[in-house]
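The values are calculated or read from the model by the stated rules, or taken from the named source; none is laboratory data. Small disclaimer: the values here were computed from a predicted structure and weren't measured. Cβ coordinates were reconstructed from backbone atoms using ideal geometry, including for glycine residues, and neighbour counts include every protein chain displayed. Just so you know, the surface numbers come from the protein's heavy atoms only, side chains and all, with ligands and any DNA or RNA stripped out. Shrake-Rupley method; radii C 1.70, N 1.55, O 1.52, S 1.80 Å.
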Amino acid sequence: MQKTVKHSLFLIPGIVLLGAVLRIPITTIPPVLDSIAKGLHVPVSSLGILTTLPLLAFAIFSPVAPWVARKLGNEGAFAAVLVLMIVGSIIRIISTPMMFLGTLLVGIGIAFMNVLLPTLISANFPTKVGLYTSVYVFTMGLTTAGASALAVPIVKATSWQTLIIILTIAVVIALIVWLPNLKYNQRATRNSASKAPKVPSAWKNKTAWLMLVFAGIQSAIFYTSIAWLPTIATGFGLSGSMAGLLAGINALVTLPVSFLVPNFVTGWNKKNRQIFLIVASAFAAISYIMIFFGNASFGFWLVLNILNGLATGSLFPYLMASLSNKTKNPYETSELSGMVNSGGYLIAAIGPALFGTAYSAFHSCHRIHKSSSS
């Protein structure tokens, strides 16, 4: 069994802050997209790609992350990624083209962190993977919920540029705290004992493919929920403020389960893990089936969002913990993580668009049916 390696005192605070900035530069933007469009003097529809660009970046650049880590080292790669995210974040305030370019750069940075965080934890805390996976996943959920709730008030009180500057400062703070970790920079290498497989071997592995599909489905559920549940709720008669409150509740529900799941999963046997997956998947399925019976009741949408939040809050940390549990060393973890994130986010990028098309078709038929009935 691997032993915990020597590391900086700033490693755990660094992991916490990596989790804190892992989503907010992207997820904080959709609630204020109207304000950004007005500030850039463009129609809001032209900025719709801002929600798709990061997912495409995740899909395209995730396989590159293990190579970067081998060249720069784990800790060195995170420092470089944070610099990339700082540059990408701040240039978004310049113009519309820079908004697109900056979003792409931030997406590339997050893609690398998605892949390398499980590797970092596996390398430094091989006997405590569940605990430290819980730490960064919980922090990610907490900051995502908080930043999304504060985005609109900040923009109303100041401007959308100020919001982006604040998000950039958060990444700068993460970089400053991370820099002492460079003293203990590690490189994930293939040693003779583990004989970690090359990337092509991972793509031919059945278990890796199953994890890829699982990653894609759980990501599609998450991003579809963020993009569509508030819109659908308002379509059935809820006010925008109520829909926003429900989105906040959905995010808050994920926090306790996202902290507990990695710790539990690492100690469960195969049967218990299967039962867990069935229950979590059933919650997601029920939440989407409920949409067909949508109405203007706040209680109805509250139950739907709680079930949905429990599902998304369980499936993502389960995946993150599994990336380390299914591999023997940090090298294998980085290779598997790169493959799973690449294919998974490609599926995730398609999911919300397909759901939107299906919802539009169904909603149109629903309106025609109601009109003919009346």
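Residue pairs whose Cβ atoms lie under 7 Å apart, separated by 6 or more positions or on different chains, with the first residue in segment 285-309 and over 24 Å from residue 258 (Cα atoms) and the second aliphatic (A, V, I, L, M), are 291/232; 294/232; 296/238; 298/238; 298/242. When each of 85, 113, 99 is tested for being over 17 Å from residue 18 (Cβ atoms) and open to solvent by less than 10 Å² (accessible area, probe 1.4 Å), the lone residue that passes is 99. Of all residues in segment 34-56, those satisfying the criterion of being crowded, with 17+ Cβ neighbours inside 10 Å, touching a Leu at 6+ places or on another chain (Cβ under 7 Å) and within 15 Å of residue 155 (Cβ to Cβ) are 36, 37, 47.
Within segment 216-242, restricting attention to residues that are of a type in the set (A, V, I, L, M) and modelled with pLDDT of 80 or more, which residue is farthest from residue 355 (Cα to Cα)?
Going through the qualifying residues, I end up with 242.
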